[in-house]
Amino acid sequence: MKLAIAALTDVGRVRPANEDAFVVDASTRLLAVADGMGGHQAGEVASAAALNALQARLAGGQRLDEAIVEANRVVFTRAASDVTLRGMGTTLTAAIYGEDAMLTIGHVGDSRAYLLRNGELRQLTVDHSVVAELVAAGQLSEDEAEADPRRSMITRALGIDAEVEIDLLPVQLVTGDRLLLCSDGLTTMLRDDVIAEMMRNEPEREQAAQSLVEGANGAGGADNITVLIADVVDDDVEIPGAAAPAAPPDSPQP
Ligand code: MN
């Protein structure tokens, strides 16, 4: 089995710049989405620096959790050493695809990983956000959470502290699975049932990614939107363009 991937990032309709970033790297079998935050485009620096560090550490042979710890250190050190970058941070939802179709997800923040299997969409990650914690504690309903003004307040990010707590999730994939990694610019604009319908109804992953971005923009595009769709296909399935993937404009350069 292998993954066929489509990824898109879009500035949205409100923000002046795109502080999201993604990476798809065949050599380290890495897929990742990062949503940076910080004033004066520092968020852009944070998300790109985290993904670059992650990719470099994985290429150097580190495990995913070790590489994320290093990515945290890189962003934290840069933020501490440059006054214009102070306070910057980034979410990270990263996945490594193993030989045995075992996916390992490393996650910090409120970007998300979802799995569409047999037509059902399931959120794999838990948001590290104020609102998600209130829902988990029974102090807020899911419906109330959707309209809560604290929605974008996250409780964990890379670069904020010298230490970071990482969620690690193993997922055994099967042929036909469709994975989605996305930033909150998608999930704050579209409900899960709408995302599920778009994921189910569009077999072409490039088109599905496009539909999700257009859907989020159609709903207001209040934030940067990043979507990465990975279809689990059999080895004999040819993936158009897979031999020479073009570097997306917002992908960090190695
Ligand atoms: Mn965002």
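For the pair Glu99 and Asp234, how long in nm is the line joining their label points, each one 7 Å along Cα→Cβ?
2.2
Need the full-extension length gain, Glu66 to Asp193, defined as separation in residues times 0.36 nm minus the C-alpha distance. One decimal, nm.
42.2 nm
Determine the equivalent ellipsoid of the chain by diagonalising the alpha-carbon gyration tensor, then write out the semi-axes as square roots of 5 times the eigenvalues, largest first, rounded to whole Å.
The equivalent ellipsoid of the chain has semi-axes of 25, 23, 18 Å.
In the Gaussian network model of the chain, springs joining C-alpha atoms below 10 Å, which of Leu181, Leu103, Leu92 carries the largest mean-square fluctuation?
Leu103
In sequence order, what are the phi-derived ³J(HN,Hα) couplings for segment 135-152 according to the Karplus relation 6.51 cos²θ - 1.76 cosθ + 1.60 with θ = phi - 60°, rounded to whole Hz, with x for glycine and proline?
5, 4, 7, x, 9, 8, 7, 4, 5, 5, 4, 5, 9, 6, x, 7, 3, 8
Identify which of Arg15, Arg73, Arg178 has the largest mean-square fluctuation in a Gaussian network model of the chain, with springs joining Cα atoms closer than 10 Å.
Fluctuation is largest for Arg15.
Taking GluC sites (Glu not before Pro) as candidate sites, keep only those in a DSSP loop with at most 12 other Cβ atoms within 10 Å, then name the longest stretch of the chain containing none of them.
Details: sites that count: Glu99, Glu163, Glu165, Glu204, Glu238.
In short, 1-98.
Bear in mind these aren't lab numbers, they're just calculated from the coordinates by the rules spelled out. Here the structure is a predicted model, which means the values were calculated and not measured. Every residue, glycine as well, gets a Cβ built from its backbone with ideal geometry; the counts of neighbours run over all protein chains shown.
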